[in-house]
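Below is one structure, written out as structure tokens; comments come after it.
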Amino acid sequence: MKTLYLSLVFFFICYPEITEAQKNQSDIKPAQVWRDTNGNPINAHGGGVIFFEGKYYWYGEHKLQGKSEAQFADGGIHCYSSTDLINWNDEGVVLSVDYKDEKSDLAYGCILERPKVVYNEKNRQFVAYFKLYLKGVGYETSNVGVAIADKPTGPFTYHHKFHGGGSPNGSGDFSMFVDDDGSLYHLTVRKPDKAFVIGRLDSDYYYPEGNYQVCKGIKLHTEAPAVIKRNGVYHLLGSGSSGWKPNAARYYTAENIMGEWTYHGNPCSGYNPIDSLGVEKTYGGQSAYFIPVQGIANAYIAMFDSWKPENPVTGRYIWLPIDFTEGKMSITWHDAWDLSDFKHRKKNKATQIHPGQVWNNSDGNPINAHGGGILYYCGIYYWYGTHKIEGLSEKTFADGGIHCYTSADLITWSDKGLVLSLVYNDDSHDLAYECNFDRPKVVYNAKTKKFVAFFKLYLKGKGVTTGYVGVALSDRPCGPFAYSHKFLGAGSPNGSGDYAMFQEENGDLYHLTVRKPDKAFVAGKMSDDYLLPVGEYVVCDGITEKTEGPAIVKRNGTYHLLGSGSTGWDPNPARYFTSKSLTGPWLSQGNPCEGVNPENGFGKEKTFGGQSTFIIPVIGRNDAYIAMFDINKPENPYDSRHIWLPVTIEDDKFLIRWRDSWERSIFK
């Protein structure tokens, strides 16, 4: 206790301003240190939240300072209260382990984990449950501990324990779910066979009533369950079993809580940039609880814990908003968010793509990502394009770097900002402002675990006779990217122009580009680290000279390449080629476009006013591709428009028809 006191004195002397700052937190920042209104890190791990008489109460494991899990860090149940789910008041330890009585079920040295509290209206009593391993017994046999209180802030009094799961070895991780009729259910993993089971408790919420039954459809070893009921459907989120190490989330639904469950895979998408972990590790967390947000229809928060077994008091919390699409939940990473996101999302969520019209991001601002491409990583699409500076023309050097946006549905895009900026204070730098910086593309190298950005680069003051490929690297899809180097592509001292980067199934990367100065279309393989070309470039037999704006995809062993002619900023007819080999022979399939863009009156002879830039494979849909085009406006490039159109496949050939608007449901 003396050590703790001195530590707190040091903390407040060194950081006197933090206490006041913590009283006015405005958003939730997943995986970052979350402090209470006193400025101290919140200490409520593996817990849950209830709402009672206008306040939320967060209960979790109180971890002891300076102790590891192996050294018995569990100190009881800690409670915090809040009216807004963001700013939390410390209500203290409401149930403590027993430091005096070695024979107590709660004697210090027991393992007390994953507390959950429910309110019993019949008894007007708050009932706390927790996973309990008695001191010195180990993990073979587990109990469910029960404590009761008259107030949500306790103190709670230990009442009894019981073996859950209908097994003499008890049960492990669990969820307590109160149904609409007041019935309380204990959903848990049974010991020792790891089957997932459910049992109903008596009306006092003290003991199981009747037998547990196996939850059909839920996989063995499903741990950390969290349950909600929405529109008559039960939703259960859990994890696999890998000790303290994170693993992929598991998601199930059922129409009867005692019935059969349907597996829906992993509902998570996105990437935790703080811990550099994606959905395959559930952002570094493990599910704990679902919070229904009061006063906002269909608003729920998924709670996860990021465990730190060597120093569990420093474990962090990942709270993320849940979205429901067609009745299924999805959980997307946010660096920061607040409750207004629920209302904002419903108000501004787009459902359709409107080609050639202004496309606003989720903040209501025009998307500023031109001539770019899409990367799909960990359940999220990343759109990278050239950032154009407002108020400048192409002649007055509008290029500002690479802008990034993210989306889970390819329609609603969140702004992640500039991930690579030009350099404004060093005229000798390759990226010195007034260089020409076009057509960025990003790929992920699974071997080096690097995100590699490529872009067409003409150095400041050097004109467009010699074209380089610039390369930048990042450890994260949202950057920041660090400029690495440039190279001359196409095996020519004059380099290359427009290009596509194509990644084969085995990870090999190819650079397909128009060679300077003869305008031949060539292909070259990149090194294993994707940083430089290796070997000779080869002319792609059959592809017409001066083919620019290339975009390529592979379908059923056939390569499909879309491009344009060379007419500067003016649009021209699209060119379409197919081949069984990247180097050819390629067969011209003519112009795959049909229809007219009513915004500008341009049809196929002008590719709707656009130029091809990328072909997007739509993940999770068979034979679903989107052709990306840009309407370039050199006098005001910031105002350039995006044309995205679905690709129709007829007789194994691509057909791109104009649509005034469309949505993803077009892909069956």
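The values are calculated or read from the model by the stated rules, or taken from the named source; none is laboratory data. Only a predicted model underlies this, so the values are computations on that prediction, with no experimental measurement involved. No Cβ is skipped: glycine too gets one built from the backbone with ideal geometry, and neighbour counts run over all protein chains shown.
If you go through the range 562-598 and keep only what is buried (at least 21 other Cβ atoms within 10 Å of the Cβ) and small (Gly, Ala, Ser), you end up with 563, 564, 574.
Checking the structure you have, find out if any residue of the range 524-546 is within 21 Å of residue 371 (Cα to Cα) and not in a loop (DSSP other than H, G, I, E, B). No, there is no match, as no residue in the range 524-546 is within 21 Å of residue 371 (Cα to Cα) and not in a loop (DSSP other than H, G, I, E, B). Being touching a Pro at 6+ places or on another chain (Cβ under 7 Å), at pLDDT below 95 and either among the basic types (Lys, Arg) or surrounded by 14 or more Cβ atoms within 10 Å (Cβ to Cβ) (or both) is the requirement here; does residue 271 meet it? Criteria met by residue 271.
Taken residue by residue, the range 218-237 has at least one member that is among the β-branched types (Val, Ile, Thr), crowded, with 20+ Cβ neighbours inside 10 Å and in a loop (DSSP other than H, G, I, E, B). Suppose the filter is in contact with a Gly (Cβ under 7 Å, 6 or more places away or on another chain) and crowded, with 18+ Cβ neighbours inside 10 Å; does residue 422 pass it? Yes; evaluated as a whole, the condition is true for this residue.
The lone criterion from (1) at pLDDT 95 or above; (2) farther than 19 Å from residue 241 by Cα; (3) in a loop (DSSP other than H, G, I, E, B) left unmet by residue 164 is number (2). Among the residues of the range 387-406, at least one is surrounded by fewer than 18 Cβ atoms within 10 Å (Cβ to Cβ), in contact (Cβ under 8 Å) with a residue 12 or more places away in the chain and in contact with a Gly (Cβ under 6 Å, 6 or more places away or on another chain).
Scanning the range 350-374 for residues that are outside any strand (DSSP E or B) and either in the same structural domain as residue 404 (by TED's automatic domain parsing) or over 19 Å from residue 597 (Cα atoms) (or both) yields 350, 351, 361, 362, 363, 364, 365, 367, 368, 369.
Restricting attention to the range 18-56 and to residues that are basic (Lys, Arg) and either in the same structural domain as residue 333 (by TED's automatic domain parsing) or at pLDDT 95 or above (or both), the residue that is nearest to residue 90 (Cα to Cα) turns out to be 35. Filtered by the rule that a residue be surrounded by fewer than 21 Cβ atoms within 10 Å (Cβ to Cβ) and of a type in the set (Val, Ile, Thr), the range 167-197 gives a lone residue, 178. Within the range 503-521, is there a residue that is under 14 Å from residue 454 (Cα atoms), in the same structural domain as residue 440 (by TED's automatic domain parsing), aromatic (Phe, Trp, Tyr) and in a loop (DSSP other than H, G, I, E, B)? No: zero hits. Scanning the range 28-39 for residues that are out of contact with any helix residue (DSSP H, G or I) (no Cβ under 8 Å at 6 or more places or on another chain) and surrounded by 14 or more Cβ atoms within 10 Å (Cβ to Cβ) yields 28, 29, 34. Inspect the range 636-644 for any residue being out of contact with any helix residue (DSSP H, G or I) (no Cβ under 9 Å at 6 or more places or on another chain) and loosely packed, with under 15 Cβ neighbours inside 10 Å and give the result as yes or no. There is at least one residue in the range 636-644 that is out of contact with any helix residue (DSSP H, G or I) (no Cβ under 9 Å at 6 or more places or on another chain) and loosely packed, with under 15 Cβ neighbours inside 10 Å. Checking each residue in the range 247-260 for being free of Cβ contacts under 8 Å to residues at least 60 places away in the same chain and either outside any strand (DSSP E or B) or loosely packed, with under 15 Cβ neighbours inside 10 Å (or both) picks out 247, 248, 255, 256, 259, 260. When 468, 433 are checked against the criterion of being modelled with pLDDT of 95 or more, among the hydroxyl-bearing types (Ser, Thr, Tyr) and farther than 30 Å from residue 520 by Cβ, 433 stands alone in meeting it.
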